[in-house]
Amino acid sequence: MLLFDIVFNGNDKMYAEAEEAVNAAIAKYGEEKAVGFPETAYALAAYYAETGDKITNLKECKEGLAYIKTQMPRERRLDSVFKSGVATALAAEILEVTKYIDGDPYEGISEGAMTDAQLRELGVPLVVYDIPCVALIIHAAPSVQEAVDLVKSYQSQGNFVCLVGGIIDQLKEANYNMGFNVRVYPIGDNISCAAHAVSVASRVAMVFGNITPGDKVGLQKYHFERFRCFVNAFGPLDEKTVACGAGAIYYGFPVITNDMEYTPSVPKSLIKLADVSKFNKASLEARNIKIKVTNVDIPVAFATAFEGEIIRRGDMQVEFDGSRVDSFELVQTKELTEIEDHNIEVIGPELDEFEQGSKNGIAFVVEVAGKKMQTDFEPVFERKFHAWINGAEGVMHTGQRDMIRVRVSKDAYEAGFRAKHFGEILYAKIKGEFEAVVDKCQVKVYTDQAECTRLRHELAQASFDKRDERLSNLTDENVDVFYTCILCQAFSPSHVCIVTPERLGLCGAVSWLDAKATHELDPEGACQVVPKEGLIDENLGAYESFNEAVHKYSMGALERITMYSIMVDPMTSCGCFECICGIEPFSNGVAIANREYAGMTPLGMTFPELASMTGGGVQTPGFMGHGKHFIGSKKFMAAEGGIQRIVWMPKELKDVVADRLNATAKELYGIDNFADMIGDETITDSDPEALVAFLTEKGHPALGLDPLM
Ligand code: SF4
Ligand code: ZN
């Protein structure tokens, strides 16, 4: 059979299944029955991105199918093959949504549809190449071992791996740890689940890329140029899978398969390869991905994909817990002569000597020297310890400074992981990432409890105090320059963050010190100096030089920007913001939702819905994406009255920001316990009138401020 016919047949089959499922659902529930995937503002995102229409009920599913039918030409031409490929994916998405009518069909089995919040979480790792690529693996590998080896090969490069079909069972059989947190994402058992991967790509284009739903050409171009994805499909390939593959190739995602039977090879698009061990290299090459590896000399795997790994108590060999036993981590600048490069010293007992499951103290002291080293970089390096140490498979790290907790799993211990390997990790990463300023580095790992206690008080505390003082003196007024960050332009071509001491990047990951360090390390890179010149309006935070900077770095997409207003020329959002705030008209204030919050807000929108109001690097007055830490800042929408405008936020977020928020409210407005005046979901999660009643009772200042609109 010819490829044309295989694709057309596969398309017909998927379509017929979707039609049958929709008809059956209509017979059971009626046409008005609502349909949708969990926690997304983009409905059936693949369909929405292609057509501009949101499918929200069964009637619209039926209309959607009627439209898809018009996109299934049967001329034996390449463009018909591509159209049918896309039509197959869209039909699959409709088939999938019918499965969600009675709740999550994959609960307890696999992951199914990805939420918007998860997708946004991938934003920064994707743009900084922490996640070099998204791999979609379909069907069972020839053997369990080959399945494990292939997935591990991608995972250990940091790639995000999505799985569909038999390979999921193979990994389960091998007891392979899967989940969003470790970047191995089992979608579901059926080929129609590939639609969820297409949905991810489509949402990335809309969320970050500002691709207008329905702009078919823009969508295809965005995928082709920016979304680094490929498909590995194990044979024997059935017709439906081949049809989906045609859709993938149309979007620019190469397909690599071991089915040597009937598919012709097309360089860079469709690659036949019998040897599964060669899939990794061939796939990355086909998508032009070069992976930078830092060789870390430890006995377990090391990759960013392991950052999210959780080690449970029962799986733990030893724990270091800074909340119970003195612990800390510290970077210290030294003279070049004081350091012997790559010297790693363990001071105290090795892990063998700790009782299994015991709680202990640990201290990491990393000493660096370099002609271009500045003490301002110390906290920048130090904050990375968390991600670096987490990158070792079987090692977990939380917290920072003297509130750290580190766990080493039994598996990692048995593989030979010891205290000195913490030093190897820290050394390799410091030298790898900061070689522009670090000429020499040595690491001391203290496991001696008395030394941990002594040094925590004699050494670490003084450094932390000094840094806190430096940070509290860092204000927007007393620095000469701000910095741009344009990392997110990889996905949001016109987005520019301007990072100031009092306004960190909206992703929450880039502070002014980070941006400064990034600039010193790579003067031509993402962070450029923005001077403060040509004051236009102090209250708004408007300067000629800021306008020039955004104009230049957005490639002309933006003309003006203000630092402190959410109404007048506000800063743009890319899509990976930690929080979003929007105007709540009844109370004359703003409500904030964080990415982790799954519920409703008094604005009548969930986080994903609020988030979908802005993004893609365009200015949207009235909405602002921002970092969590910005909430307690004196510059938080300062032009409109500042933090006194905050009337609602989820309780969990409030708990995180309360201390800083209260301190700022006290200092600026003389208000005590301001956080208690702010509504949350325990007061109301959806009723603006109940919120106003609560605010009135508390005497919330927003009620007395000038109207926002
Ligand atoms: Fe993206 Fe802005 Fe964060 Fe830079 S600071 S990574 S541009 S969100
Ligand atoms: Zn971003």
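The values are calculated or read from the model by the stated rules, or taken from the named source; none is laboratory data. Everything quoted here is computed from the prediction, not taken from an experiment. So basically every Cβ, Gly included, is an ideal-geometry build from the backbone, and we count neighbours across all protein chains shown. What goes into the accessible areas is simple: the full protein's heavy atoms, side chains included, and nothing from ligands, DNA or RNA. Shrake-Rupley method; radii C 1.70, N 1.55, O 1.52, S 1.80 Å.
Cβ-Cβ distance below 6 Å, separation of 6 or more or different chains: which pairs start in segment 502-525 with a residue that is at positive phi and of a type outside the set (A, V, I, L, M) and end on one that is within 16 Å of ligand 2 (Cβ to nearest atom) and assigned to a helix (DSSP H, G or I)?
So the pair list comes out as Gly508/Lys628.
Pull out all pairs, ordered by first then second residue, where Cβ-Cβ is under 9 Å, the residues are six or more apart or on different chains, the first lies in segment 100-115 and is closer than 14 Å to Gly165 by Cβ, and the second is modelled with pLDDT of 95 or more and acidic (Asp, Glu).
Correct list of pairs: Tyr106/Asp189; Ile109/Asp189; Ser110/Asp189; Gly112/Glu96; Gly112/Asp104.
For segment 629-655, give me each residue that is within 20 Å of the chain's Cα centre (by Cα) and surrounded by fewer than 20 Cβ atoms within 10 Å (Cβ to Cβ).
Hits for segment 629-655 are His629, Glu652.
What are the residues in segment 169-185 that are open to solvent by 10 Å² or more (accessible area, probe 1.4 Å) and in contact (Cβ under 8 Å) with a residue 12 or more places away in the chain, if any?
Asp169, Gln170, Glu173, Ala174, Tyr176, Asn177, Met178, Phe180, Asn181, Arg183
Hey, which of the helices (runs of 4 or more DSSP H) in segment 342-440, taking only ones fully inside, have at least 1 residues that are of a type in the set (Gly, Ala, Ser)? Give the derivation first.
Numbers: elements: 378-382, 385-390, 410-414, 419-433.
Where helices (runs of 4 or more DSSP H) fall fully within segment 342-440 and carry at least 1 residues being of a type in the set (Gly, Ala, Ser), they are 385-390, 410-414, 419-433.
From Ile101, Ile94, Ile68, which residue is open to solvent by less than 60 Å² (accessible area, probe 1.4 Å) and touching a Gly at 6+ places or on another chain (Cβ under 9 Å)? Quick ask: steps written out before the conclusion?
Details: Ile101 fails: touching a Gly at 6+ places or on another chain (Cβ under 9 Å); Ile68 fails: touching a Gly at 6+ places or on another chain (Cβ under 9 Å).
So the residue among Ile101, Ile94, Ile68 that is open to solvent by less than 60 Å² (accessible area, probe 1.4 Å) and touching a Gly at 6+ places or on another chain (Cβ under 9 Å) is Ile94.
Residues in segment 494-523 that are more than 20 Å from Ile592 (Cβ to Cβ), among the hydrophobic types (A, V, I, L, M, F, W, C) and within 12 Å of ligand 2 (Cβ to nearest atom): how many?
1
What's the number of the only condition in (1) buried (at least 22 other Cβ atoms within 10 Å of the Cβ); (2) at pLDDT below 95; (3) out of contact with any Gly (no Cβ under 6 Å at 6 or more places or on another chain); (4) more than 30 Å from Lys466 (Cα to Cα) that Ser358 fails to meet?
Condition (1) is where Ser358 drops out.
Give the residue, chosen from Glu559, Glu544, Glu533, that is open to solvent by 40 Å² or more (accessible area, probe 1.4 Å), more than 16 Å from ligand 1 (Cβ to nearest atom) and touching a Gly at 6+ places or on another chain (Cβ under 6 Å).
Glu544
For the subset of segment 562-598 comprising residues that are open to solvent by less than 30 Å² (accessible area, probe 1.4 Å) and among the β-branched types (Val, Ile, Thr), which member is nearest to ligand 1 (Cβ to nearest atom)?
Among those residues, the one meeting the criterion is Thr572.
Report, by residue number, each residue of segment 382-420 that is surrounded by 23 or more Cβ atoms within 10 Å (Cβ to Cβ), under 26 Å from the mean Cα position of the chain (by Cα) and over 23 Å from Gln155 (Cα atoms).
Passing the criteria: only Ile404.
So which of Glu121, Glu93 ends up being away from ligand 1 (no atom under 16 Å from the Cβ) and either under 30 Å from Ile289 (Cα atoms) or at pLDDT below 95 (or both)?
Values: Glu121 fails: away from ligand 1 (no atom under 16 Å from the Cβ).
Answer to the selection: Glu93.
Would you point out which residue out of Ala49, Ala27 is at pLDDT 95 or above, in a helix (DSSP H, G or I) and open to solvent by 20 Å² or more (accessible area, probe 1.4 Å)?
Exactly one of Ala49, Ala27 is at pLDDT 95 or above, in a helix (DSSP H, G or I) and open to solvent by 20 Å² or more (accessible area, probe 1.4 Å), namely Ala27.
Consider segment 334-348. How many of its residues are surrounded by fewer than 17 Cβ atoms within 10 Å (Cβ to Cβ) and touching a helix residue (DSSP H, G or I) at 6+ places or on another chain (Cβ under 8 Å)? Reasoning before the result, please.
First, the residues of segment 334-348 that are surrounded by fewer than 17 Cβ atoms within 10 Å (Cβ to Cβ): 334-338, 340-343, 345, 347.
From what is left, the residues that are touching a helix residue (DSSP H, G or I) at 6+ places or on another chain (Cβ under 8 Å) are 342, 345, 347.
Adding up the residues that qualify gives 3.
Would segment 619-628 turn up any residue that is among the aliphatic types (A, V, I, L, M) and open to solvent by less than 30 Å² (accessible area, probe 1.4 Å)? Outline the logic, then answer.
Of the residues in segment 619-628, the ones among the aliphatic types (A, V, I, L, M) are 624.
Restricting the remaining residues to those that are open to solvent by less than 30 Å² (accessible area, probe 1.4 Å) gives 624.
Scanning segment 619-628, I find at least one residue that is among the aliphatic types (A, V, I, L, M) and open to solvent by less than 30 Å² (accessible area, probe 1.4 Å), so the answer is yes.
Considering segment 469-497 alone, what residues qualify as being outside any helix (DSSP H, G or I), over 20 Å from the mean Cα position of the chain (by Cα) and not polar (S, T, N, Q)?
Matches in segment 469-497: Leu474, Asp476, Glu477, Val479, Asp480, Val481, Phe482, Tyr483.
Could you tell me whether segment 599-606 includes any residue that is in a loop (DSSP other than H, G, I, E, B), within 16 Å of the chain's Cα centre (by Cα), touching a residue at least 60 places away in the same chain (Cβ under 8 Å) and surrounded by fewer than 24 Cβ atoms within 10 Å (Cβ to Cβ)?
Here is the first cut: in segment 599-606, the ones in a loop (DSSP other than H, G, I, E, B) are 599, 601-605.
The next check asks that each one be within 16 Å of the chain's Cα centre (by Cα); those that pass are none.
No, the conditions are met nowhere in segment 599-606.
Could you look through segment 593-609, keep only residues that are of a type in the set (A, V, I, L, M, F, W, C) and touching a Phe, Trp or Tyr at 6+ places or on another chain (Cβ under 7 Å), and pick out the one that is farthest from Glu121 (Cα to Cα)?
Taking segment 593-609 and keeping what is of a type in the set (A, V, I, L, M, F, W, C), we get 593, 598, 600, 603, 605, 607.
If we keep only those that are touching a Phe, Trp or Tyr at 6+ places or on another chain (Cβ under 7 Å) as well, we get 593, 607.
Numbers: Ala593: 15, Phe607: 13 Å.
Among those residues, the one meeting the criterion is Ala593.
Identify, by number, the condition in (1) more than 18 Å from Asn11 (Cβ to Cβ); (2) touching a residue at least 24 places away in the same chain (Cβ under 8 Å); (3) open to solvent by less than 20 Å² (accessible area, probe 1.4 Å); (4) away from ligand 2 (no atom under 16 Å from the Cβ) that Phe224 doesn't meet.
Of (1) more than 18 Å from Asn11 (Cβ to Cβ); (2) touching a residue at least 24 places away in the same chain (Cβ under 8 Å); (3) open to solvent by less than 20 Å² (accessible area, probe 1.4 Å); (4) away from ligand 2 (no atom under 16 Å from the Cβ), only one is false for Phe224: (3).
Give me the residue from segment 497-513 that is near ligand 1 (Cβ under 10 Å from one of its atoms) and more than 21 Å from Ser554 (Cβ to Cβ) and, out of that set, modelled with the highest pLDDT.
Checked segment 497-513; the qualifying residue modelled with the highest pLDDT is Ser511.
Mind listing just one residue for me: the one in segment 174-214 that is modelled with pLDDT of 95 or more, under 15 Å from the mean Cα position of the chain (by Cα) and outside any helix (DSSP H, G or I) and, of those, farthest from Pro132 (Cα to Cα)?
Taking the candidates together, the pick is Gly179.
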